[in-house]
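What follows is a set of notes on a single structure, which appears directly below.
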There are 2 protein chains.
Amino acid sequence: MDNEDQESLLLQGVPDNYGGVKVNLTEPMTIEDFVPKLRASLVYWSNQGTKGIWLKLADGLDNLIAPAKAEGFVCHHAEREYTMLTSWIADVPSTLPANASHRIGVGAFVLNKKTKEVLVVQEIDGHFKGTGVWKLPTGVVKEGENIWEGALREVEEETGIKTKFVEVLAFRESHQAFLEIKTDIFFLCELEPTTFEIKKQDSEILAAKWMPIEEYVNQPWNQKKELFRFMANICLKRLQEMEYMGFSKVLTTTSSGKESYLYCNTDHANLLNATRGLASTSG
Amino acid sequence: MDNEDQESLLLQGVPDNYGGVKVNLTEPMTIEDFVPKLRASLVYWSNQGTKGIWLKLADGLDNLIAPAKAEGFVCHHAEREYTMLTSWIADVPSTLPANASHRIGVGAFVLNKKTKEVLVVQEIDGHFKGTGVWKLPTGVVKEGENIWEGALREVEEETGIKTKFVEVLAFRESHQAFLEIKTDIFFLCELEPTTFEIKKQDSEILAAKWMPIEEYVNQPWNQKKELFRFMANICLKRLQEMEYMGFSKVLTTTSSGKESYLYCNTDHANLLNATRGLASTSG
């Protein structure tokens with residue numbers, strides 16, 4: 001049997017940088033066609049010294065999940081478009097990365113410094129439904145979206161107000177917050193409004209308005225619930241300039257050349273941004 | 001047909017707080033048994049005004065994935081133990097939460113203030129393999145673990161050094177960093193060592209030692225790569241007390257009563273912790 005014949009009996013895999021192989025199946029396949037190929041491939045990969053196999057089955061190839069599990073694969077994660085199975089075949093402990101474990105929430109403290117008013121909303125559904133509590137605009141950062149961008153987007157979607165990012169004031173972690181086992185990290189961000197006329201979103205927002213900050217802070221909810229009191233108090237401190245300093249953003253690149261935002265102490269971020277001022281304003 | 005008979009023809013669902021129903025199937029079922037029950041249940045739920053259905057299929061029930069998709073379900077996410085399908089049957093836009101989108105990485109700046117040395121390692125595998133770069137201990141926060149706890153754990157696992165959490169100094173976001181589409185948020189944490197004798201982990205760590213901080217910072221890698229230079233520079237600034245202030249942690253509770261860590265400006269965190277000093281030291 002020559003190489004070409006042999007390859008037609010194997011699943012096509014692409015090596016990754018960690019001693020693994022990635023198989024991406026997108027075309028429908030019968031179990032009878034799949035199982036012998038998978039078995040032959042496992043022997044081949046094992047002989048090659050492969051440590052782990054990623055088997056990505058596109059939506060529609062769900063018939064292959066059970067047969068793959070019967071050959072030692074386990075489910076690693078899934079999205080709407082695919083299910084990812086893995087099999088670790090090396091004798092050393094698995095170094096496959098874990099599934100995604102977190103989502104990122106954002107809350108926006110949009111402060112009108114002239115009037116000392118803060119942008120607040122009441123939501124139609126959700127945790128605060130029927131409580132009468134005026135809350136900061138909040139939302140969830142989308143896959144691939146930066147934290148500061150998520151905050152800007154949520155504010156504009158919910159209230160029509162355009163803003164600029166100022167600082168991350170604080171963040172908190174909450175476990176088993178969604179999908180039963182996953183953690184939500186919530187970033188409280190200060191934003192500076194550049195428009196002031198509210199056009200509320202009708203599908204999620206019951207009401208939106210500018211509210212004097214003391215009135216916002218002094219709501220019974222924000223005083224009784226410690227975490228809310230702490231956050232409201234931080235917002236209040238921001239009214240007195242320099243009484244509270246958070247983290248600002250600096251655009252940089254990772255070692256592999258991807259754009260990446262670093263969030264650090266604002267004094268330091270200003271220094272970093274200033275020393276690269278010409279470069280960043282021309283970009 | 002009485003209620004009991006009718007129920008035996010339906011899948012058992014539990015209402016959630018958002019107008020949805022959760023179905024948790026753990027026992028094997030044939031497609032012939034499953035499909036008529038699912039269809040009857042969908043009619044029943046629709047008549048009840050149900051907005052969305054969560055269908056959790058335990059590992060081993062993979063035969064039901066394709067038939068459920070044929071009835072309008074899509075894959076929402078999966079873990080090793082189950083696949084979660086959803087179907088949104090209301091006329092309004094879906095409000096189902098998205099899949100987890102992030103993981104949390106930690107890097108530990110463990111500073112011996114007396115000797116002005118920092119704890120560094122060389123890893124056997126990974127990004128820095130063969131570069132000779134001495135790096136801070138790093139790792140990934142486990143599901144359900146707090147950021148500060150993940151940092152302490154990774155340092156002790158890799159080097160045997162016990163530490164106390166001091167501050168989050170900075171964080172950065174990196175998109176498409178793992179599982180192709182997911183984002184890694186990396187928190188640079190300062191830790192204070194309480195032990196000093198290194199016992200390195202053999203499986204992942206090639207070498208570990210205490211290194212003069214200037215030597216760490218001045219490594220060519222840390223000078224050439226901007227993000228690393230920024231972070232190394234922040235570490236250096238921490239040597240001069242009060243030249244750089246990050247976020248400390250405050251233990252509090254969410255509005256639903258769960259323990260939750262708030263990370264905020266250290267001056268403010270100290271104030272919050274001090275005013276609750278008696279309560280927290282007696283706990």
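Tabulated data
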| read-out | value |
| --- | --- |
| Other protein chain Cβ atoms within 10 Å, averaged over every residue that makes up B:131-143 | 2 |
| FRET efficiency, 1/(1 + (r/R0)^6) with R0 22 Å, evaluated for B:Lys22 and A:Ala66 via beta carbons | 0.40 |
| Peptide A:209-216, shielding by other chains (average Cβ, 10 Å cutoff) | 0 |
| Per residue convex hull volume, Cα atoms of region B:8-86, in Å³ | 88 Å³ |
| Pseudo-label separations to other copies for B:Arg39 - Cα-to-Cβ vector, 7 Å, nm | 3.7 |
| Footprinting exposure proxy for B:Ser94, A:Ser248 (fewest neighbouring C-beta atoms within 10 Å first) | B:Ser94, A:Ser248 |
| Relative contact order of region A:100-238, pairs being alpha-carbon contacts under 8 Å that are 6 or more residues apart, as % | 31 percent |
| Taking the C-alpha atoms of the protein assembly as shown, convex hull volume expressed per residue in Å³ | 191 Å³ |
| Region B:1-149, Rg to Rh (Cα coordinates; Rh as Kirkwood inverse mean 1/r) | 1.24 |
| Modelled FRET efficiency - R0 60 Å, B:Ala207 with B:Glu81, Cβ distances, 0.05 increments | 0.95 |
| Cα shape, region A:172-240, gyration tensor, a/c 1.5 rule | oblate |
| Given charges at beta-carbon only (K, R positive; D, E negative), |dipole| of region B:1-97 in Debye | 420 debye |
| Theoretical gain in end-to-end length, A:Arg39 to A:Lys164 [0.36 nm per residue, Cα-Cα removed] | 39.4 nm |
| Relative contact order of chain B, pairs being alpha-carbon contacts under 8 Å that are 6 or more residues apart, as % | 13 percent |
| Dipole magnitude (debye, nearest 20) for the protein assembly as shown, charges at Cβ of Lys, Arg, Asp, Glu | 2180 debye |
| Options B:Ser174, B:Phe128, B:Thr138, ranked by Cα towards positive dipole end of region B:118-190, top entry (Cβ charges) | B:Phe128 |
| For region B:8-86, share of DSSP beta bridges that run antiparallel, in % to the nearest 5 | 70 percent |
| Loop GluC sites (Glu not before Pro), region A:240-271 (other Cβ atoms within 10 Å of the site Cβ: 11 or fewer; DSSP) | A:Glu241 |
| Range of Cα positions in region A:81-198 per principal axis (Å), largest first | 66, 31, 28 |
| Normalised alpha carbon radius of gyration of chain A [divisor 2.2 N^0.38 Å] | 1.36 |
| Rounded if a/c under 1.5, otherwise prolate or oblate - region B:136-252, Cα gyration tensor axes | rounded |
| Region A:183-283: radius of gyration and largest Cα-Cα distance (Dmax), Å | 17.8, 49 |
| Listed residues B:Asp91, B:Asp16, B:Asp59, most fluctuating in chain B (Gaussian network, C-alpha, under 10 Å) | B:Asp91 |
| Electrostatic dipole magnitude of chain A [Cβ: Lys, Arg +1; Asp, Glu -1; Cα centre; debye, to 20] | 1220 debye |
| Signed unit charges on C-beta, dipole axis of chain B, positive-most listed residue B:Ser248, B:Val21, B:Asn99 | B:Ser248 |
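Values in this text are rule-based calculations from the coordinates and carry no lab data. Note that the structure is a prediction, hence the values are computed from the model and not measured. Glycine gets a Cβ as well: all are built from the backbone with ideal geometry, and neighbour counts include every protein chain shown.
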